[in-house]
1. Can you give the Rg/Rh ratio of the chain, where Rg is from the C-alpha atoms and Rh is the Kirkwood radius?
2. May I ask which residue of Thr164, Gly145, Asn234 lies farthest towards the positive end of the charge dipole of region 134-271, with charges of +1 (Lys, Arg) and -1 (Asp, Glu) on Cβ and the Cα centre as origin?
3. Can you compute the modelled spin-label distance between Val240 and Glu326, with each label point 7 Å from Cα toward Cβ, in nm?
4. For region 134-271, what number of Lys pairs, 8 or more residues apart or on separate chains, have alpha-carbon atoms under 28 Å from each other?
5. Equivalent ellipsoid semi-axes for region 134-271, as square roots of 5 times the alpha carbon gyration tensor eigenvalues: give them largest first, rounded to whole Å.
6. For the chain, calculate the relative contact order in percent as a whole number, restricting contacts to Cα pairs under 8 Å that are 6 or more residues apart.
7. Rounding to the nearest 20 debye, state how big the charge dipole of the chain is about its Cα centre with +1 on each Lys and Arg Cβ and -1 on each Asp and Glu Cβ.
8. Taking θ = phi - 60°, what integer Hz values does the Karplus form 6.51 cos²θ - 1.76 cosθ + 1.60 yield along region 50-62, in sequence order, with x for Gly and Pro?
Amino acid sequence: MHAITIPEFGGPEALTWAEVPDPEPREGEVLIDVAASAVNRADLLQRQGHYPPPEGAPPYPGLECSGRVAAVGPGVGNASASSAAAGGWAVGDEVCALLSGGGYAERVAVPAGQVLPLPEGVDLVTAASLPEVTATVWSNVFMLGNLRPGETLLVHGGASGIGTMAVQLAKAVGAKVAVTAGSAQKLARCRELGADILINYREQDFVAELRSATDGAGADVILDIVGAKYLERNVKALAVNGRIVVIGLQGGVKGEVNLGALLTKRGTLAATSLRGRPVAEKSAIVAAVREHVWPLIGSGRVRPVVDRTLPLRDAAEAHRALERGEHVGKIVLTR
């Protein structure tokens with residue numbers, strides 16, 4: 001088969017279309033003929049040499065894919081798609097999957113617990129945009145952050161793939177949503193998706209704007225992709241009993257936090273990643289996504305947001321587009 005490889009770390013030009021060995025499904029795995037994958041910021045970091053794949057994962061980038069089941073490994077029930085809830089998958093089933101790597105390839109093997117049927121009404125290519133964002137948002141905003149109806153969620157990077165999904169899911173459960181973004185156009189798209197409080201981080205102080213819009217209360221949950229640069233201000237923006245969940249480090253890895261301020265607010269600060277978790281944890285998250293998120297997508301209350309599609313061989317251009325930051329939602333790569 002062929003895959004996008006990284007012979008040497010560097011810029012987008014480092015991505016190389018090359019012939020590589022075919023994967024074989026191991027115990028408990030499903031082999032998928034990839035129809036599409038999607039680009040995540042973690043892929044850029046891997047290309048630069050800053051985010052190696054976990055042990056045993058394919059060396060190629062790509063944290064999600066869609067496609068058709070080509071084979072099932074030992075221990076995977078050979079069931080029809082209609083009974084896939086019991087863990088069975090059959091050759092030919094149309095699926096999407098959360099990966100530890102390898103989505104930028106013609107085939108990938110993945111643990112069966114990380115495979116999902118296509119949501120109702122979603123086509124095979126668009127489905128590639130869903131596994132990573134839905135698993136990230138559900139696990140961090142709801143399972144860890146415990147966002148509840150009536151609370152306020154602050155999403156940094158509201159127009160990103162993660163952001164556009166977080167806005168919709170939070171609104172679907174009855175929360176109020178604030179977003180930061182870097183342009184009026186991106187904020188307008190966030191409003192279309194349901195965001196209530198729109199903050200241009202280039203022109204406005206998100207702490208002041210958020211407190212003004214919430215009568216001084218602040219955010220109950222903050223989903224942060226920035227990291228160190230926003231740490232102190234996130235604590236200031238936090239409501240009493242609030243929860244900060246850091247999932248990205250675009251603004252640096254080291255910062256200072258006023259523990260006294262955090263203690264006074266009885267706040268919680270957590271930092272998580274998804275890729276390196278054990279299979280059992282990722283399978284539990286995927287099961288929760290299927291139970292809670294798939295019905296919302298199937299009903300149309302939540303929808304995938306795809307900015308553009310590009311051929312897989314043009315992965316370098318997709319990386320350049322993500323680095324420019326002009327997109328809203330996901331960039332999808334097609335076979």
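No value in this document is a laboratory result; all are computed from the given coordinates. Not measured: the values here are computed from a predicted model. For neighbour counting, all protein chains shown are included, and Cβ atoms are generated from backbone atoms with ideal geometry for every residue, glycine included.
1. My calculation of the ratio gives 0.97.
2. Going by the Cα projections, it comes out as Gly145.
3. 4.8
4. Final tally of qualifying lysine pairs is 15.
5. 20, 16, 15
6. Working: 795 pairs, mean separation 61.8, N = 335.
Value for the chain: 18 percent.
7. 1000
8. 9, 8, x, x, x, 4, x, 7, x, x, 8, x, x
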